[in-house]
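K.L.:
If you scroll down you'll find the structure; I have some questions about it.
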Amino acid sequence: MLHFILGRAGSGKTYTARRMLGNLARQGAGKLMLLVPEQYSFESERAMLHLLGAKDVQRVEIFSFTRLADTVFRKYGGIAGRRLDDGGKSILMSLALEKLQDQLPLFERHSQTPELLQMMLSASAEMKQCSIPPEQLSSAAEAMEDGTLKEKAKEIALVLSCYDALVEQSYLDPLDDLTRVRKTLMEHDFFSGYTVVLDSFKSFTMQELKLLEIMLRQAKDVTVTLCADGLDDPEHGMGLFSLVKRTARQVMRLARENAVPVAPPVVLEPAARFRNEELKALEENIF
């Protein structure tokens, strides 16, 4: 089942999620996982240690998406190989541009410039995070009307396809880890029996959403905390919490597409963190 814990800043979403996991850990209630953004992993480990103590804290596994991928690869295979660093990416992208120089009429004049190199690396990173392979971009380009945009999309797809082929010959690109781990998890029931809590996220990349979909299919319960005052969006995308509410809708859509029931959200009282009325008023009205 999918659960939401919602609330404005300072309402106690993280505290509620940690306390829930703490209670389940003390009860010995199966496998427990707390999934947080990379920058909050150490803080979360320290907070759960303080909450549960050295013995019970071992019952709660605390991951970022990066650490989760590493754990899955260590369990099922996929960690072996040379990891590609930023310098290696630049060299391979430069080599791809050099190989295709005669096939890039739009970019030919700039094929060896640092600006084009960085633009292509940025495009590659964004496409990977959005789970869009170069073949999909190429197909989209073919469906466009003739013009500069079509040619530009075709050339970018050609460069990225060549770059990916060069990477696959000898290296593992860290940006592909979540895509690779999804393929692994499609073959293994890794999240079976888990209660998973995702805390402190505002949004998810497409790679992360696809992993979240597998969690919803396999796990016993999935709880997501989000900084929002509810699920409805009367501002139609223009409100303070509209981005976060869109994230909630994406997650609910994944649940429904996989026949996972969605529980009514828990909406916490606002501004529980703030000790005086002035700060509460500031939090509520500053934006």
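The values are calculated or read from the model by the stated rules, or taken from the named source; none is laboratory data. Since this is a predicted model, take the numbers as computed values, not measurements. Using ideal geometry, Cβ is built from the backbone for each residue, glycine included, and neighbour counts are taken over all protein chains shown. Remember, those area values only see protein heavy atoms, side chains included, never the ligands or the DNA or RNA. Shrake-Rupley method; radii C 1.70, N 1.55, O 1.52, S 1.80 Å.
K.L.:
What is the dipole size for the range 180-283, taken about its Cα centre, with +1 at each Lys and Arg Cβ and -1 at each Asp and Glu Cβ, in debye to the nearest 20? Intermediate results must be reported in sequence, preceding the final value.
P.N.:
On the way: 15 positive and 15 negative charges, 97 e Å.
The dipole of the range 180-283 has a size of about 460 debye.
K.L.:
Next up: Mind scanning K31/K55; K152/K210; K31/K220; K55/K75; K13/K202; K99/K152 and naming the pairs with a C-alpha gap bigger than 19 Å? Spell out each step's value before the answer.
P.N.:
Values: K31/K55 15 Å; K152/K210 28 Å; K31/K220 9 Å; K55/K75 24 Å; K13/K202 13 Å; K99/K152 17 Å.
Correct reply: K152/K210; K55/K75.
K.L.:
Pick out, from Q112, L21, F42, the residue whose Cα sits farthest towards the positive end of the charge dipole of the chain, with +1 on the Cβ of Lys and Arg and -1 on the Cβ of Asp and Glu.
P.N.:
Of the options given, the answer is L21.
K.L.:
Compute the angle between helix 242-257 and the longest alpha-carbon principal axis of the chain, please, reported from 0 to 90 degrees and rounded to the nearest 10.
P.N.:
The angle comes out near 90 degrees.
K.L.:
What value, in deg cm²/dmol to 500, does the helix sum -39500 (n - 2.57) over DSSP H runs of n ≥ 4 give at 222 nm once divided by the residues of the chain?
P.N.:
Estimated from H runs of four or more residues: -17000 deg cm²/dmol.
K.L.:
Which of the aspartates and glutamates could a cross-linker span from K89 if the Cα-Cα distance has to be under 18 Å and same-chain partners fewer than 8 positions apart are dropped?
P.N.:
Within the straight-line limit of under 18 Å, K89 reaches these aspartates and glutamates: E98, E115, E126, D164, E168, D173, D176, D177.
K.L.:
For the range 170-287, state what percent of all Cα-Cα pairs lands in each successive 10 Å bin, counting from 0 Å until the bin that includes the largest distance.
P.N.:
Per 10 Å bin, starting at 0, the Cα pair percentages come out as 11, 35, 29, 17, 6, 1.
K.L.:
Quick check: with the 1.4 Å probe, what order do K89, K220 take by accessible area, largest first?
P.N.:
Details: K89 30, K220 110 Å².
From most accessible down to least: K220, K89.
K.L.:
Computed over the Cα atoms of the chain, what is the convex hull's projected area averaged over all directions, in nm²?
P.N.:
Average projection, Cα convex hull of the chain: 18.9 nm².
K.L.:
Put S139, S111 in order of accessible area, largest first, 1.4 Å probe: what do you get?
P.N.:
So the residues, ranked largest to smallest area, are S139, S111.
K.L.:
Report, to the nearest whole %, how much of the accessible area of the chain belongs to carbon and sulfur atoms, 1.4 Å probe, protein only.
P.N.:
Ligands and nucleic acids excluded, carbon and sulfur reach 52 percent.
K.L.:
Calculate the spin-label point distance for L49 paired with R19, positioning each point 7 Å from the Cα along the beta-carbon direction, and give it in nanometres.
P.N.:
That separation, rounded to one decimal, is 2.4 nm.
K.L.:
Next question. With all protein chains present, calculate the accessible area of M186 using a 1.4 Å probe and round the result to the nearest 10 Å².
P.N.:
100
K.L.:
Using unit Cβ charges (K, R positive; D, E negative) and no other charged atoms, how large, in debye to the nearest 20, is the dipole of the chain about its Cα centre?
P.N.:
Details: 36 positive and 40 negative charges, 276 e Å.
The calculated dipole for the chain is roughly 1320 debye.
K.L.:
The range 94-140: Rg/Rh from Cα coordinates, Kirkwood Rh? Intermediate results must be reported in sequence, preceding the final value.
P.N.:
Details: Rg = 11.4 Å, Rh = 11.5 Å.
Checking Rg against Rh, the ratio lands at 0.99.
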